[in-house]
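Asks: Just dropping this structure here.
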Amino acid sequence: MCRRQRPTREYEPGNLSDLDEEVQQFFDTPPKTPRDVTASRKRLHLSPASSEGGFNPPCASSPIAYSSRSFDQPKAFRLQRQQELPVILQLSSLTHSQLIDTLEELLDKHPELEQELQSRLPNPDLHPLQERLSQLRHNILRSFPPTRFGSSRRDSYCYRRVSTHIIAFKKECLDQGRSLASCRSWHAVFEYVFTAWAQTARLPLWENSAHNRCRLSCFKGLSVLCMQALKESRLEKEQYREIRKQILWSSYVCNEIEPCIKKVDSILDSLQ
């Protein structure tokens, strides 16, 4: 069976132009758009002013229209709105230091307001400070590990698990009292000392006496604050009597506060 051969095109030797054309047609892809682009592509018709080089801003109804206000006007508008707000709302957004600076400048310009302002000042609110100490003490109790066989929950193993929270309680207890003393609010210092004393008394006692140093440091620091308040304060006689009762009760928990009893007794003797 003979196989029919595919007819081939004969090329003249030395003339490859026909072969080049056939190869070029094989590899070339037809253009996606006609060659005459000017006939099929739409042109953007510009206005005479824009064709001359000028620029026409879009009309006001256009969504991309530019605002006629400058960049400084919105800021001035916001400042104007802020000035229209009530003073109470503006003061509530200030920090503690900003409020103090504002009052200091006001009293420098109007010293006659100092006495009236001082008569209207309320006592410091110690509820947040008390809540903070209560939360820290609660963290100590929560961090106790599960009871092991033969463990008394007051050994070194348990102390190592809660020591971080005990140190945090000690730091916060003393820092809050020193902050009140720096403000010279002695009546608030007395109230805080007795509240913190009760919270410290509820801390766990450990078998190793060295582990009770933080608890003892809190009692000593609070006793120093109480003594400082007794020396610097100028209270009524009835108030000192009430303070003596609180100090006497605190001495039953820890005797570090006993020097304060002698001090308040001398104050009461001087007021008679």
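Asks: Need one word for the stretch 163-222: rounded, prolate or oblate. Basis is the Cα gyration tensor (sqrt eigenvalues a ≥ b ≥ c); a/c below 1.5 gives rounded, then a/b vs b/c decides.
Replies: Cα axes put the stretch 163-222 in the prolate bin.
Asks: Here's something else I'd like to know. Report the gain in length on full extension from Ser143 to Ser251: 0.36 nm times residue separation, minus Cα-Cα distance, nm rounded to one decimal.
Replies: Full extension from Ser143 to Ser251 adds 36.0 nm.
Asks: Here's something else I'd like to know. Given the alpha-carbon gyration tensor of the stretch 230-272, what are the semi-axes of its equivalent ellipsoid in whole angstrom, ordered largest first, with each equal to the square root of 5 times an eigenvalue?
Replies: Ellipsoid half-lengths, sorted descending, are 18, 10, 8 Å.
Asks: To the nearest 20 Debye, how big is the dipole of the stretch 144-258 about its Cα centre, given +1 on the beta carbon of each Lys and Arg and -1 on that of each Asp and Glu?
Replies: Approximately 300 debye in magnitude.
Asks: Let me ask something additional. When N counts the residues of the stretch 169-272, how does its alpha-carbon radius of gyration compare numerically with 2.2 N^0.38 Å, as a ratio?
Replies: That works out to 1.07 for the stretch 169-272.
Asks: Quick check: pseudo-label points 7 Å beyond the Cα along Cα→Cβ at Ile261 and Leu216, how many nm apart are they?
Replies: Reported label-point gap for Ile261 and Leu216 is 2.0 nm.
Asks: Further question: Per residue, what accessible area does the stretch 165-272 have, given a 1.4 Å probe and all protein chains present, in Å²?
Replies: 54
Asks: For the stretch 125-141, take each phi angle, set θ = phi - 60°, evaluate the Karplus expression 6.51 cos²θ - 1.76 cosθ + 1.60, and give the result in whole Hz per residue in order, putting x for glycine and proline.
Replies: 7, 8, 4, x, 5, 5, 5, 5, 5, 5, 5, 5, 5, 5, 5, 5, 5
Asks: Can you list which of the GluC sites (Glu not before Pro) found in the stretch 104-195 are DSSP loop residues with at most 14 other C-beta atoms within 10 Å?
Replies: Loop-located and lightly packed - Glu112.
Asks: Using 7 Å Cα-to-Cβ label points, what is the Met227/Arg153 separation (nm, one decimal)?
Replies: Distance between label points: 3.6 nm.
Asks: Calculated FRET efficiency, Arg202 and Gln115, Cβ-Cβ r, R0 51 Å, to nearest 0.05?
Replies: 0.75
Asks: Full extension from Gln98 to Asp125: what is 0.36 nm times the residue separation minus their Cα-Cα distance, to one decimal in nm?
Replies: The Gln98-Asp125 span can extend by a further 7.8 nm.
The values are calculated or read from the model by the stated rules, or taken from the named source; none is laboratory data. Here the structure is a predicted model, which means the values were calculated and not measured. As a convention, Cβ positions derive from the backbone with ideal geometry for all residues, glycine included, and neighbour counts pool all protein chains shown. Side chains are part of the model used for accessible areas, which takes the heavy atoms of the whole protein and leaves out ligands, DNA and RNA. Shrake-Rupley method; radii C 1.70, N 1.55, O 1.52, S 1.80 Å.
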